[in-house]
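Asker: I have a structure here, written as structure tokens, and I will follow up with some questions on it.
The values are calculated or read from the model by the stated rules, or taken from the named source; none is laboratory data. Everything numeric in this text was worked out from a predicted model, so none of it was measured. Virtual Cβ from ideal backbone geometry, glycine too; neighbours counted across all protein chains shown. SASA here: full protein model, heavy atoms, side chains in, ligands and nucleic acids out. Shrake-Rupley method; radii C 1.70, N 1.55, O 1.52, S 1.80 Å.
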Amino acid sequence: MKIGIDKMAFATTDKYLDLRELARARNVDPDKYTIGIGQDQQAVVPPTQDIVTLAAAAAQKLLTPAAARRISTVIVATESGIDNSKAAAIYVKRLLGLSDFVRTVELKEACYSATAGLQFARGIVALNPQEEVLVIATDIARYGLNTPGEVTQGAGAVAMLVSRDPRVLAIEETSVSLTKDIMDFWRPLYATEALVDGKYSTSVYIDCFKEVLTRYQQLTGRPLADFGALLFHLPFTKMGKKALAAVLGDRTDGTAERLRQALTASQWACRQVGNLYTGSLYLALMSYLQNGDAHRGSRLGLFSYGSGAEGEFFTGILQPQFAENILPLTPALRQRQRVSVTEYERLFDEQLGMNPADVAFTTENDACPFVLTGQQDHQRQYRAN
Ligand code: COA
């Protein structure tokens, strides 16, 4: 039985920052951000948005009443959770109007956990082929003002329906996971911004990619020529370029050129929203499928990485109806409003964060379909907009 991704949708905030402007405000050469890091714009998060509102917005796009009835489980993968106990999936389930008879859970392992969610969903569908699983990767990548990581912030969610006979990507059996106890990026319970050793994290990422790919090739005997594309977790687009270069070197043959072109297509969306943490790999997949030379029957390799650290390399075969079941990325990106650096800094400081007080936000400037209206008695308040 084929099992995999049946449909995908993406949501981000309705505001963005031009990174050339940020570079000027930080006294940095703009080329460092746009070429050296490979980012052009970044999603800006107003206090009325969080991982729950973004997750619900992405999932709502792919739900028809019939699809909603088939969902048995909602998995929300995030590393920017809003509660240390209650699963964000419960709020999302309520905002989407799903049946009470669904299973809801939240998964965490830095930027990796959506891949665990996808694999767990495969297991659920294998046991219960009539069921579908809604997997949502949702995050706000927040490093702090004036930090080296600031340029690699971002926000958004990717929602995926996992089913039998999937219409986008049938996931293949062989995958390779690798876990090592490494302190390259983490966020203690008392912190709203991550602690990161940025340079170390990039080298660990590359080592992890080479290790899982080598093992995958030992297990399957598949050369790189067997792949239509290699897709990467993209904390910033240069990271994918570095990882691909680590295995291609200076090769100029047809395979190498195809994989480089596919990478460029997969980076298109990330350049405009920044790091999605758990969702970045899956946004790269959507971006490639909408901008690249993707063909039905083609084998795609996906590298998932989460600091801490865990990596996984897995593959899938593109299905004939993939194009119709990837909801377009451009409306979410085109409808955004550009904000100044001053406005971005104001919104950054207005996030609810660790504030225990009652708060009521003004939501009239937020055009997203779901909003966080504030906090009452330590409870976050959400509603459709
Ligand atoms: N024009 C073009 N490129 C320039 C430039 C300019 N004027 N100035 C610098 N660059 C290049 C550098 O050569 C470097 O390229 P390289 O990595 O290919 O060598 C790149 O821009 C970044 O510059 P660098 O000084 O090394 O960056 P930094 O100290 O500001 O830190 C990160 C960059 C990514 C480490 C930092 O943003 C970070 O910590 N991010 C969060 C962690 C993260 O995303 N980790 C990824 C793994 S999960």
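Asker: With all protein chains present, how much of the accessible area of the range 171-320 (probe radius 1.4 Å) comes from carbon and sulfur, to the nearest whole percent? It would help to have the intermediate numbers written out before the result.
Answerer: Details: 2980 of 6000 Å².
Carbon with sulfur: 50 percent of the solvent-accessible area.
Asker: Something else about it: What shape does the chain take by its C-alpha gyration tensor, where a ≥ b ≥ c are the square roots of the eigenvalues and a/c under 1.5 counts as rounded, a/b above b/c as prolate, and the rest as oblate? Display every interim value, and only then the final one.
Answerer: Values: a/c = 1.61, a/b = 1.14, b/c = 1.40.
Taking the square roots of the gyration eigenvalues as a ≥ b ≥ c, the chain is oblate.
Asker: Further question: Compare 378, 295, 233 by solvent-accessible area with a 1.4 Å probe and give them largest first, with all protein chains kept in place. All intermediate terms of the calculation are to be shown ahead of the outcome.
Answerer: Working: 378 135, 295 100, 233 10 Å².
From most exposed to least exposed: 378, 295, 233.
Asker: Once every DSSP H run of n ≥ 4 in the chain is given -39500 (n - 2.57) and the sum is divided by its residues, what mean residue ellipticity at 222 nm do you get, rounded to the nearest 500 deg cm²/dmol? Working shown, then result.
Answerer: Details: 12 runs with 128 residues, N = 385.
Theoretical 222 nm ellipticity from helices: -10000 deg cm²/dmol.
Asker: Using label points projected 7 Å from each Cα along Cα→Cβ, tell me how many nm separate residue 127 and residue 100, to one decimal.
Answerer: Here the modelled spin labels are 2.4 nm apart.
Asker: Compare 346, 299 by solvent-accessible area with a 1.4 Å probe and give them largest first, with all protein chains kept in place.
Answerer: Numbers: 346 105, 299 45 Å².
Accessible-area ranking of 346, 299, largest first: 346, 299.
Asker: Extending each Cα 7 Å along its Cβ direction at residue 298 and residue 165, get the distance between those two points in nm, one decimal.
Answerer: 2.6
Asker: Keeping all protein chains in the complex and leaving out DNA, RNA and ligands, what accessible area do you get for residue 208 with a 1.4 Å probe, in Å² to the nearest 10?
Answerer: For residue 208, solvent-accessible area is about 10 Å².
Asker: A further question on this structure: Between residue 341 and residue 362, how high is the FRET efficiency from 1/(1 + (r/R0)^6) when r is the Cβ-Cβ distance and R₀ = 30 Å? Nearest 0.05. Walk me through the numbers before you get to the answer.
Answerer: Working: r = 21 Å, r/R0 = 0.72.
Approximately 0.90, to the nearest 0.05.
Asker: For the range 1-96, what % of the accessible area comes from carbon and sulfur atoms, probe 1.4 Å? Mind dumping the intermediate values first?
Answerer: Working: 1540 of 3290 Å².
About 47 percent, which is the carbon plus sulfur part of the accessible surface.
Asker: Using a basic spin-label model with each label point 7 Å from the Cα along Cα→Cβ, how many nm lie between residue 199 and residue 172?
Answerer: 3.8
Asker: Okay, next question. Using 0.36 nm per residue, how much length does the chain from residue 29 to residue 1 gain when fully extended, once their Cα-Cα distance is taken away? Mind showing how you got there, number by number?
Answerer: Numbers: separation 28, 0.36 × 28 = 10.08 nm, distance 5.25 nm.
Stretched fully, the residue 29-residue 1 segment lengthens by 4.8 nm.
Asker: Given the whole protein assembly as supplied and a 1.4 Å probe, what does the accessible area of residue 307 come to in Å², nearest 10?
Answerer: The value for residue 307 is about 20 Å².
Asker: Could you state the accessible area per residue of the range 1-106 in Å², with a 1.4 Å probe and every protein chain left in place? Don't skip to the end; give the middle numbers.
Answerer: Working: 4050 Å² over 106 residues.
Accessible surface, normalised per residue, equals 38 Å².
Asker: Using the heavy atoms of the protein chains alone and a 1.4 angstrom probe, what is the accessible area of the range 257-385 per residue in square angstrom?
Answerer: Numbers: 5540 Å² over 129 residues.
In whole numbers, the range 257-385 has 43 Å² accessible per residue.
Asker: Given the protein chains as shown and a 1.4 Å probe, how many square angstrom of residue 304 are accessible, to the nearest 10?
Answerer: For residue 304, the solvent-accessible surface is approximately 0 Å².
Asker: For 105, 135, what's the largest-to-smallest order of accessible area, 1.4 Å probe?
Answerer: On the way: 105 60, 135 0 Å².
Largest accessible area first, the residues go 105, 135.
Asker: Which lysines, if any, have their Cα less than 29 Å from the Cα of residue 108, not counting same-chain residues under 8 positions apart?
Answerer: Those lysines meeting the cut-off are 2, 7, 15, 61, 86, 93, 180, 199, 210, 238, 241, 242.
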